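Engineer: Encoded as structure tokens, here's the structure I'll be asking about.
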Amino acid sequence: MPRAKRGTKRRTRLKKLRERASGFVLGRNNKTARTTEAVDRAGVYAYRDRRAKKRDFRQLWIARLSAALGGNDISYSRFIGALKVAKVRLDRKVLSDIAIKDPAGFSAIVNEVRAMAPKN
């Protein structure tokens, strides 16, 4: 039975692996076992952090809104509740962007929403 050394299949597989590990240091880019581990671990982090990024940005937008609403004498929770009642369909991302770039316009939105909110 002839000896099989894999040849091109092995080279192709390792080439793909090393391309994914470009920029890794200390043997993680040229030693096959360590490269495999490093690339697998990087994939796990990438998968996890694609989801975490969404949470992080939402948290940032809420913090920005809360800070902007402090100057308008309304709490974040009351503002969001009033938005729902007023049927304003602006999300937190857009609202925080408006609060940063156009504070006067944001104050107008807050006043409009506050007027339509039920009095407690």
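The values are calculated or read from the model by the stated rules, or taken from the named source; none is laboratory data. Predicted model, so just to flag it, every value in this text is computed and none were measured. Cβ atoms come from the backbone with ideal geometry, glycine included; neighbour counts cover every protein chain shown.
Engineer: Quick test of your reading of the structure: Lys5 fulfils all but one of (1) assigned to a loop (DSSP other than H, G, I, E, B); (2) among the charged types (D, E, K, R); (3) surrounded by 11 or more Cβ atoms within 10 Å (Cβ to Cβ). Name the failing condition by number.
Structural biologist: (3)
Engineer: Give the number of residues within region 69-90 that are in contact with a Phe, Trp or Tyr (Cβ under 8 Å, 6 or more places away or on another chain) and loosely packed, with under 12 Cβ neighbours inside 10 Å.
Structural biologist: Counting residues in region 69-90 that are in contact with a Phe, Trp or Tyr (Cβ under 8 Å, 6 or more places away or on another chain) and loosely packed, with under 12 Cβ neighbours inside 10 Å gives 0.
Engineer: Restricted to region 91-120, and to residues that are outside any helix (DSSP H, G or I) and either of a type in the set (Val, Ile, Thr) or modelled with pLDDT of 90 or more (or both), which residue is farthest from the chain's Cα centre (by Cα)? Talk me through it step by step, then tell me what you get.
Structural biologist: Initial filter on region 91-120 (outside any helix (DSSP H, G or I)): 91, 102, 117-120.
Still in the running and either of a type in the set (Val, Ile, Thr) or modelled with pLDDT of 90 or more (or both): 91, 102.
Numbers: Asp91: 15, Asp102: 24 Å.
In this case the residue turns out to be Asp102.
Engineer: If you take the residues in region 12-68 that are charged (D, E, K, R) and not in a helix (DSSP H, G or I), which one is surrounded by the fewest Cβ atoms within 10 Å (Cβ to Cβ)?
Structural biologist: Only one residue tops the list, namely Lys31.
Engineer: Name the single residue that is nearest to Ser96 (Cα to Cα) among those in region 25-58 being hydrophobic (A, V, I, L, M, F, W, C) and in contact (Cβ under 8 Å) with a residue 12 or more places away in the chain.
Structural biologist: Step one: list which residues in region 25-58 are hydrophobic (A, V, I, L, M, F, W, C), which gives 25-26, 33, 38-39, 42, 44, 46, 52, 57.
With in contact (Cβ under 8 Å) with a residue 12 or more places away in the chain added as a condition, the list becomes 38-39, 42, 57.
Numbers: Ala38: 38, Val39: 37, Ala42: 32, Phe57: 11 Å.
My answer is Phe57.
Engineer: In region 91-108, which residues are among the aliphatic types (A, V, I, L, M) and within 15 Å of Asn72 (Cβ to Cβ)? Quick ask: steps written out before the conclusion?
Structural biologist: Going through region 91-108, the residues among the aliphatic types (A, V, I, L, M) turn out to be 94-95, 98-100, 104, 108.
Of everything in region 91-108, those that are among the aliphatic types (A, V, I, L, M) and within 15 Å of Asn72 (Cβ to Cβ) turn out to be Leu95, Ile98, Ala99, Ile100, Ala104, Ala108.
Engineer: May I pose another question? What pairs come up if the first residue lies in region 9-24 and is among the hydrophobic types (A, V, I, L, M, F, W, C), the second is surrounded by 10 or more Cβ atoms within 10 Å (Cβ to Cβ) and outside any helix (DSSP H, G or I), and their beta carbons are under 6 Å apart, counting only those six or more places apart or on different chains?
Structural biologist: From residues that are among the hydrophobic types (A, V, I, L, M, F, W, C), the pairs are Ala21/Asn29.
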